[in-house]
1. ARG276 accessible area, nearest 10 Å², 1.4 Å probe?
2. Expected output is a single nm value to one decimal: the length gained when fully extending between THR56 and HIS691, i.e. 0.36 nm times separation in residues minus the C-alpha distance. What is it?
3. Can you work out the Karplus-derived ³J(HN,Hα) for every residue in the range 306-321? Use 6.51 cos²θ - 1.76 cosθ + 1.60 with θ = phi - 60°, whole Hz, and x for glycine or proline.
4. Work out the FRET efficiency for LEU640 and GLN37 from their Cβ-Cβ distance, taking R0 = 22 Å, and round it to the nearest 0.05.
5. Report the calculated FRET efficiency for SER581 and SER390 (r = Cβ-Cβ distance, R0 = 60 Å), to the nearest 0.05.
6. Can you list the residues, at least 5 places off or on another chain, whose amide H is less than 5 Å from the amide H of LEU650, using H built in the peptide plane?
7. Taking amide H positions as placed in the peptide plane 1.01 Å from N, state which residues far from ILE822 in sequence (5 or more) or on other chains have amide H under 5 Å from it.
8. For the range 392-452, what does the relative contact order come out to in percent, with C-alpha contacts under 8 Å and a separation of six or more?
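The values are calculated or read from the model by the stated rules, or taken from the named source; none is laboratory data. Nothing here was measured: the structure is a model prediction, and the numbers come from that model. Backbone-built Cβ (ideal geometry, glycine too); neighbour counts: all protein chains shown. What goes into the accessible areas is simple: the full protein's heavy atoms, side chains included, and nothing from ligands, DNA or RNA. Shrake-Rupley method; radii C 1.70, N 1.55, O 1.52, S 1.80 Å.
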Amino acid sequence: MAYAALSSLMYTLEQLKPNQSLVCRNCTQQHVESLYQNLSTIQVFLNNTTTKDIETLKVIEKRIRNVVYKAEDRVDSSLRRIIQLADREDKWKKACTSFYEQLLKVEQQVYFLNKEVMLIDVNKHRSKSAELATTPFSQEKSTIEENTIVGMENDFNAILDHLISQTDELTVIPIFGMGGIGKTTLAKKVYDDSSIRSRFDKHAWVTISQEYNERQMLLEVVSSITGSNQEMSDDQLMEIVYRGLKGRRFLIVIDDIWSTEAWDQMQRIFPNDGNRSRILLTTRLKNVANYVSCPDFLPYSKSFLSLEDSWNLFTEKLFKKDPCPPLLEETGKHIVKQCRGLPLSIVVVAGILGKMDPRHDNWKRVEENLNSFFGTVSERCQSILSLSYSYLPQYLRACFLYVGGFPEDMEIDVSKLIRLWIAEQFVKARNNKRLEVVAEEYLQELIDRSLILTGRQRANGRTKSCKIHDLLRQLCLSEAHTENVMNGNDLEAIDDQRRMILLSEVEEKYDYGPRNSSGIVRTFISMGVVALPKEMCSIVSEFKLLKVLDVLSVLWYDFSSVIPELVHLRYVSARIEEAPSLAKLRSLQTIILRRYFSGSVRPTTLELQPLDIWRMSEIRHMDIDWPLYISNLVEAEQTLFLNNLQTLYLYNFPCVAEIIRRTPNLKKLKILYRSKLPDSLSILQDLETLHIEIEENIDPMIISRDISLPNLKKLKLRGTRIPWEVVNLLANLPNLEVLEGKYAFAGADWKLNEDVVFRKLKYLRLYRCRDLERCRDLDSLILLEELETLFIKLATFDLNKFSGNSLPCKIKKLSPNIKKLILSYTYIPWEVVNLLSNLPNLEVLKGYLAFTGTDWRLNEDAVFRKLKCLRIYLVGLERWEACCDNFPMLEQLLLDGLNELEEIPEGIGDIMTLKLITINSCSSGVENSAKRIQEEQESLGNYELQLQISPVNCYIELISVQVVVCGGLVGMK
């Protein structure tokens, strides 16, 4: 984290520039500038370094990191004393003098470090041409990647179809995915297939790896197509390749390419003669795959193996054609499950177990020590996976390592992750974009590099959560160990750690007394509900130079006396009993404060407590809960504005209008509960998200006045009771994508005409519009031509709303793009449900009191071709007739409250893709038929089908009406 360490210290120095009076001496400023320039020069060096000697680079980075960390310790310690003594003039001047002395020492140390780095830089450039001439072109491919495609049959057939397609033009077929997922194995199997080789006149396999060497590439192609390996110039080699391929149908495999620049240089030697030649290409980088792909052949994403395919690969590697001994099967499957579907990991596991005698006690010992066992597996995989880390640009490395500190298998909230990255100074401004936007771009780069996995998505398609594969997390932890990032619960080992992340309970037995080195800790984060020692607050208070404090999950501790002492805080998320003084915390960027209840005070007896934030110019995100509120400005402070504030949550605030006037650049605003709404919000021209949740009806004029908000993308309302005619005015918001309402709209009739067009609306959620009586069937929904998700739930519903002779015709007219349909209180007849099979892209169908009738019979014409998830909740269904052909792609079957259903159709068990059946509060016939289906599948060797039965009523409150639209909402009559 040398790059991140530089950024952090540079940020501190930047904060001193407009606050020279803080450090007293005028001459201090020139030394601050000099130090800043030297640090900037070193950072530029790291950005531009291209050395292939990874170990040498690590030594350089460690040297930089150690010097900068010590420099930051000196600067932060001295500044802390100045800030703490600001109201004691005599001691404050001494502190300023001490800071000046420390600054000179730091400046000198960094100056000499800069000289060292520049010397390395010069030597690097002098030897660069020689290095390129002598360095081997590519690393030796791991022997782990053998020519087997167990579990990749569908991938193999998909690539095969692309290769033999009728397209005459030269076609590039890219395969991308994370390291170790089997891209090269798949490409090799295709390349070696006799039916494929016979279709092409010339074949060549070229491995690129991280550093592209044109000459070596040309030599490999020439050797493949001519068999010659003569000494020639690069131009001669290019001519031989071009002539050797000209007029011939060829297949070239380009394995492990890392840059678009390499492709630009390569593609000119491949002639396009319209003879169905093909280039198969593998890469870890999505941007490379997108760049080289053809419009008719999108990049092929190699995914993880299923549990069944993982087991088949494991047994083939270990036992060849023989079956796994029954005594080892259960233990073996538990071990394989931990590989999380990564072929590389599975093959390594098989290789290690293959060196042991195949006895139950040996495998059982491995199972009981999975953590240490998979430590060995991880080490064997690191040589492949670590390439992805080594190839990362400097600005992404710290961001990637930080993700490894989160708990295993955790869905990481992207908004929180971004705020933490910004507080840690991992994110640097670029192209006049907000830091939050740049951070999102960083995350997308990591996703595109197959290092981070996407989790849930927001209604507008943006990433809501992310996660990381276990082996990549192990890579993070391994690299982070040398970078002073600690992930674990051993507080006794905190002496040499820059960052401390607690994942679970910490034992009370240790002595956590003050440490001499506690001043180096800059980040302290707890994940989940963590039980900490009684003296935890005093322990945290010892971390005098802390910059990130996230202890919100620690429920039973009051940090209100600790926070004011941590003057360097940039991020604080904690529980407090009293409003802390933030007067000295001028660097705060994120404030999240929640009420701590000791149990002795009733919430209703608490008085409002003001929190003064008006001098915190760096504040970007603020979320403070009742009884805290932002203090009123006095006359002398009328010029104070919070121009950097991006997100603001207001709970029970008495003066919202004045706060909004002084936070003009807000992007996200929540006004909740009994806060007094302003007359207008139109001052917030940059506002993108507005959430109003109140207990009294809103003045509709507030909305009608605010239709000028040009950047508003998301509007969420609750309890506002806005008339429908005012809702229509929202169509004038040019960028509105999401509209959510819960008890938000009032009136019996919603009339829209052709002039009311929600041009960019993607998501509409209507929850319990009790007065709405006239919606005229599906007329309005038919107009939503780009509709992708429809979610309907009303408080009461006309039983005839979704019935009648015209309904089948209207359902057929629904958008063919619908992927998700969730219905509640609609009472659609089962024969009409069958018509939903006409929606060609329907993937999810869920119903709560949504269907009516005792018999559901699906004939051969009712085929839900892409349906993956079917949920039926509380209906009077008694008999269900269906076969596997009706749901060929079904993965999840969820049945709730079906007390009268006789059984699940036997044919459901024949669906090859079925992975999960859940039964909740259903009849014994349903439970028994589900058990029979699972037993039959296991007898056929399918152990992947999971069955979950819960006899207790566990009704889950369904979320509300929701309509997601890609395109324009045209009308609703």
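1. 70
2. Details: separation 635, 0.36 × 635 = 228.60 nm, distance 5.19 nm.
Extra length from THR56 to HIS691 when fully extended: 223.4 nm.
3. 6, 4, 5, 5, 4, 5, 5, 5, 4, 5, 5, 5, 8, 10, 6, 8
4. The value I calculate is 0.10.
5. Numbers: r = 46 Å, r/R0 = 0.77.
Rounded to the nearest 0.05, the efficiency is 0.85.
6. Amide H neighbours of LEU650: LYS670, ILE671, LEU672.
7. Close amide H contacts, sequence-distant or interchain: LEU790, PHE791, ILE792, LYS846.
8. Values: 30 pairs, mean separation 20.0, N = 61.
Over the range 392-452, the number comes to 33 percent.
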